Amino acid sequence: MQTNTPTDNGSLTGTVTGKPLNRIDGRLKVTGAAKYAAEFDLADCAHAYLVQAEIGRGRIKSIDTKAAESLPGVLAVLTSANAPKMLLPDASGASGTKPGELFVPLQSDIIQYNGQVIALVVAETFEQARYAARMVKTTYEAQKPVAEIEQGKTYLPQKFFGMEDFQVKRGNAGSALASAPVHFEQHYSTPTEHHVPMELHATIAEWKGDALTLYDSTQAVIGSQVIVAQSLGIPKEKVRVVSPYVGGGFGSKGLVWSRPTLAAIAAQKVGRPVKLVLSRAQTFTQNGHRSRTLQKISLGATPDGKLTAIRHESTAHTSMIDEFIEPAALTAKLLYACPNVEIVHKGVRVNLGTPTPMRAPGESPHTFAFESALDELAYKLNLDPIAIRLVNHADAHPESGKPWSSKNLKECYRRGAEAFGWSKRSVKPRSMTTTVDGEEWLVGYGMATATYPGYRQNASAKCRVYPDGRAVASAA
């Protein structure tokens with residue numbers, strides 16, 4: 001076992017950096033002993049299943065639960081007619097967390113998107129709950145939904161999560177584009193993408209008196225505690241969240257959706273623990289997604305590839321009930337040095353569930369579009385893609401002018417190019433081939449620059465050393 005021993009000057013010897021270490025939870029995970037949210041064994045635990053809207057917009061005219069309620073094993077069916085009053089949680093982020101969307105299901109007959117929760121069935125077994133959910137009969141007064149970006153009206157959002165300005169101007173991009181010796185413009189799009197973690201989204205809720213315990217699949221334990229408490233109108237100290245392992249989330253379990261609150265009211269209704277596990281299909285409507293983007297990039301440059309102007313416009317959809325706009329153009333203000341930059345984000349409200357952060361929110365769709373544009377500009381100018389990036393390397397932060405704490409991008413370019421023989425590539429499309437098992441395959445070499453922000457916030461840590469030599473460290 002690797003150990004760290006303080007030296008006389010207080011530094012550590014035998015550092016673990018760069019050394020192979022066994023994961024503390026490794027054996028539990030590979031042997032199946034690690035317990036995820038749905039795997040806690042609670043006595044007398046019932047099962048819940050969602051009933052979802054089958055229209056994109058409108059209202060419920062009637063919902064008939066009699067057939068479902070008469071089935072063996074069914075304990076309760078919750079709808080807007082009999083669900084307890086729940087509160088909208090705080091969306092400001094002042095508590096340090098945010099709900100996935102500012103919406104509480106089972107509170108009205110209004111339908112805002114296909115897949116919206118309209119009822120919750122609780123039964124003795126999962127199979128009974130799922131079958132009974134199919135027996136809930138609903139009639140609708142349907143309206144024509146706004147389903148695509150092109151169908152809705154655009155508007156200009158102001159702040160990304162209340163932190164960064166969506167609309168950015170530096171210098172005069174319009175004038176610089178008009179006078180640029182070289183001008184390039186292109187449109188790009190990215191599709192709607194979904195988080196599909198291996199572990200299904202799940203919650204087990206158990207009440208003991210007025211205290212609630214949630215075994216929850218979450219990337220935000222404190223967030224689940226705060227948001228559920230706010231929704232139920234109880235002190236957060238009355239909510240305990242247990243989440244020792246998370247089997248993937250990628251952002252879909254980072255904010256807090258309605259699932260743990262629904263499990264809590266179901267458990268309260270039947271007076272026993274309730275397990276709510278979303279089906280694989282339900283994960284596509286209940287936990288956000290990365291929205292589709294339409295991006296227009298205009299670049300002005302000199303013949304040697306030096307950027308003189310950048311205009312990056314991105315349009316993304318959000319929901320009718322809340323707002324999350326994919327910040328797909330914000331990275332343009334810092335990735336490369338350029339004196340004239342204009343960034344425009346537009347939002348369109350559609351009848352879909354609210355989007356949410358997903359694996360490099362903003363940076364991922366931005367990198368695809370902007371790096372493609374820079375490659376195309378390099379091709380137009382007959383420049384090497386690495387060379388055009390070196391010409392535009394930002395030696396300091398383009399917005400603030402402050403030096404980077406560290407930056408080894410040029411070295412990355414050099415070592416990456418050497419590693420796979422970049423100098424041997426042909427720039428002519430479809431000109432490089434290789435033979436595999438007697439078949440000729442086309443070969444392409446590509447490169448791109450990527451970035452991701454490092455946000456800082458207040459934190460605390462505590463370490464306790466016990467007489468028997470044990471030490472317990474915790475952080476928040």
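The values are calculated or read from the model by the stated rules, or taken from the named source; none is laboratory data. None of these values were measured; they are calculated from a predicted model. Methodologically, a virtual Cβ is constructed for each residue, glycine included, from the backbone with ideal geometry; neighbour enumeration extends over all protein chains shown. Only protein heavy atoms, including side chains, enter the accessible area calculation; ligands, DNA and RNA are left aside. Shrake-Rupley method; radii C 1.70, N 1.55, O 1.52, S 1.80 Å.
Structure above, values below:
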quantity: Tabulated pairs, the stretch 203-223, first over 11 Å from PRO260 (Cα atoms) and β-branched (Val, Ile, Thr), second assigned to a strand (DSSP E or B) and open to solvent by less than 30 Å² (accessible area, probe 1.4 Å), C-beta under 8 angstrom, 6+ apart or interchain; calculated: VAL221/VAL241; ILE222/VAL241
quantity: Some residue of the stretch 241-264 being of a type in the set (Lys, Arg) and open to solvent by 30 Å² or more (accessible area, probe 1.4 Å); calculated: no
quantity: Subset of the stretch 326-362 [among the acidic types (Asp, Glu) and within 29 Å of LYS253 (Cβ to Cβ)]; calculated: GLU326
quantity: Criterion violated by SER224 - all others in (1) under 30 Å from ASN382 (Cα atoms); (2) crowded, with 23+ Cβ neighbours inside 10 Å satisfied; calculated: (1)
quantity: Lone unmet requirement of (1) out of contact with any Leu (no Cβ under 7 Å at 6 or more places or on another chain); (2) under 30 Å from HIS47 (Cα atoms) for MET135; calculated: (1)
quantity: Criterion (more than 30 Å from THR192 (Cα to Cα) and at pLDDT 95 or above) met by exactly one of ALA281, ALA301, ALA309; calculated: ALA301
quantity: Top-ranked residue of the stretch 34-84 - restricted to ones that are without any contact (Cβ under 8 Å) to a residue 24 or more places away in the chain and within 25 Å of GLN230 (Cβ to Cβ), ranked as least open to solvent (accessible area, probe 1.4 Å); calculated: ASN82
quantity: Within the stretch 239-271, tally of residues that are under 18 Å from the mean Cα position of the chain (by Cα), within 26 Å of GLY26 (Cα to Cα) and polar (S, T, N, Q); calculated: 1
quantity: Per-region count, the stretch 310-324, residues touching a Pro at 6+ places or on another chain (Cβ under 8 Å) and either in a strand (DSSP E or B) or crowded, with 23+ Cβ neighbours inside 10 Å (or both); calculated: 6
quantity: Spans of strands (runs of 3 or more DSSP E) in the stretch 325-442 with at least 2 residues open to solvent by less than 30 Å² (accessible area, probe 1.4 Å) and either in contact (Cβ under 8 Å) with a residue 60 or more places away in the chain or aromatic (Phe, Trp, Tyr) (or both); calculated: 341-350
quantity: Scan of the stretch 38-79 for residues that are over 28 Å from SER217 (Cα atoms) and within 30 Å of the chain's Cα centre (by Cα), ordered by number; calculated: ILE55, ARG57, GLY58, ARG59
quantity: Single residue of GLU127, GLU101, GLU150, GLU141 found to be open to solvent by 50 Å² or more (accessible area, probe 1.4 Å), out of contact with any Pro (no Cβ under 7 Å at 6 or more places or on another chain) and in contact (Cβ under 8 Å) with a residue 60 or more places away in the chain; calculated: GLU141
quantity: Extreme residue, nearest to LEU381 (Cα to Cα), among residues of the stretch 443-459 that are of a type in the set (Ser, Thr, Tyr) and open to solvent by 90 Å² or more (accessible area, probe 1.4 Å); calculated: TYR452
quantity: Single unsatisfied condition, THR213 versus (1) farther than 30 Å from GLU193 by Cβ; (2) open to solvent by less than 10 Å² (accessible area, probe 1.4 Å); calculated: (2)
quantity: Test for VAL136: is it touching a helix residue (DSSP H, G or I) at 6+ places or on another chain (Cβ under 6 Å), aliphatic (A, V, I, L, M) and either at positive phi or buried (at least 18 other Cβ atoms within 10 Å of the Cβ) (or both); calculated: yes
